[in-house]
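Trainee: This is the structure I want to talk about, given as structure tokens.
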Amino acid sequence: MIHVPTWVSGLTRRLSPWNKEGAQRRTGLKEARTILAETGILLTQKGTGEVSGQVLIDIGSGPTIYQLLSACAYFEDITMTDFLEVNRQELGLWLREEPGAFDWSVYSQHACLIEGKGESWQEKERQLRARVKRVLPIDVHQAQPLGTSSLAPLPADALVSAFCLEAVSPDLASFQRALHHVTTLLRPGGHLLLIGALEESWYLAGEARLSVVPVSEEEVREALVLGGYEVRDFRTYVMPAHLRTGVDDVKGVFFAWAQKMGVQV
Ligand SMILES: C[S@@+](CC[C@H](N)C(=O)[O-])C[C@H]1O[C@@H](n2cnc3c(N)ncnc32)[C@H](O)[C@@H]1O
């Protein structure tokens, strides 16, 4: 395990509508740096021809867009998804640049900085808005998570999912099943970028204390292998004590890059 440097930390999922004020008060970049950096690094593997395609689906987007800031450079057709309508509405505000939308510009600026391509944050946000073609309901506990007549082009070339599967699964078996369900959306040979919390059992969303199934690195790896993936990269980060602020009991963060096995089409 790598220790999180002091400048990287945190789980951006706290930037949910229920916690928007808090998020806007501390627009310090702490929250997004790890995720942006890692997602960016993984997705730029496309430059070597390893992660490529047209169609990307973000599983359990929540009300957040940070997880796609780097990815949007590589996929022209992006679908965002969430179980809750309130989160889908929040995404709609940002995508349509409507009043009350959350200001992600600090995150967009940071994504541009770490990518180092000289792109402006405004251009990055424009590209993401243009490439997100739809925001759809999803339920990862269903065998067909997007329903039977999905508007998303399937199968996808890649899936991104950040802090969703463990947060919505009551136990490990449910986590494994949810992973299996979303894997049906991915083409053989397609890529999964899975980001999540390690050994977390609860987190606060505003007043609410939400349960999370605590998963270890070994359990996530095993779930991926059982789910029909070859694990291409797996990194874990320890949450240092001074960043354990009482809003959860998370012990670390994992970043998995996995490729669905089977014949490529
Ligand atoms: C911890 S949040 C993560 C949100 C976002 N991906 C992020 O990184 O901040 C988990 C998300 O899963 C969504 N969710 C809840 N139940 C779900 C289900 N059955 N299927 C898919 N998503 C679900 C929640 O609405 C919430 O937005």
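Trainee: Leaving out ligands, DNA and RNA but keeping every protein chain, what accessible area does Thr148 have, in Å² rounded to the nearest 10, with a 1.4 Å probe?
Mentor: 120
Trainee: Can you pull the percent of the stretch 90-183's accessible area that's carbon plus sulfur, 1.4 Å probe, other chains left in place?
Mentor: Percent of accessible area from carbon and sulfur atoms in the stretch 90-183: 52.
Trainee: I would also like to ask the following. Where the only charges are on Cβ atoms (+1 Lys, Arg; -1 Asp, Glu), what is the dipole of the stretch 36-176 about its Cα centre, to the nearest 20 debye?
Mentor: The dipole magnitude comes to about 320 debye.
Trainee: Using protein chains only and a probe of 1.4 angstrom, how many square angstrom of Cys164 are accessible, to the nearest 10?
Mentor: Per-residue accessible area (Cys164): approximately 20 Å².
Trainee: How many angstrom lie between the C-alpha centres of the stretch 190-265 and the stretch 103-171?
Mentor: Distance between centres, Cα-based: 17 Å.
Trainee: Which of rounded, prolate, oblate describes the stretch 49-121, given a ≥ b ≥ c as roots of the alpha-carbon gyration tensor eigenvalues and a/c under 1.5 marking rounded, otherwise prolate only if a/b is larger than b/c? The partial results should precede the final answer.
Mentor: Details: a/c = 2.38, a/b = 1.23, b/c = 1.94.
It is oblate, given that a/c is not under 1.5 and a/b is not larger than b/c.
Trainee: Which order do His110, His141 take by accessible area at a 1.4 Å probe, largest first?
Mentor: Per-residue accessible area, sorted high to low, gives His141, His110.
Trainee: Over the stretch 109-255, what is the percentage of antiparallel beta bridges among all DSSP beta bridges, to the nearest 5?
Mentor: So the antiparallel bridges amount to about 70 percent of the total.
Trainee: Okay, moving on. Answer rounded, prolate or oblate for the stretch 107-219, using the Cα gyration tensor with square roots of eigenvalues a ≥ b ≥ c: rounded when a/c is under 1.5, else prolate when a/b is larger than b/c, else oblate.
Mentor: The shape class here is oblate.
Trainee: With labels modelled as points extended 7 Å from the Cα through the Cβ direction, what inter-label distance (nm, one decimal) is found for Arg244 paired with Gln109?
Mentor: So the two model labels end up 3.3 nm from each other.
Trainee: Still on this model: Would you rank Lys260, Lys251, Lys124 by solvent-accessible area, highest first, keeping every protein chain in place and using a 1.4 Å probe?
Mentor: Final ranking, largest accessible area leading: Lys251, Lys260, Lys124.
Trainee: Here's something else I'd like to know. Would you grab the residues whose amide H sits under 5 Å from the one on Gln54? Only those 5+ places off in sequence or on another chain, please, with H modelled 1.01 Å from N.
Mentor: Asp157
The values are calculated or read from the model by the stated rules, or taken from the named source; none is laboratory data. Every value quoted in this text rests on a predicted model; they were computed, and no experiment measured them. Ideal geometry is used to build each Cβ from the backbone, glycine not excepted, and the neighbour counts take in all protein chains shown. Areas reflect the complete protein model, heavy atoms only, side chains present, ligands, DNA and RNA absent. Shrake-Rupley method; radii C 1.70, N 1.55, O 1.52, S 1.80 Å.
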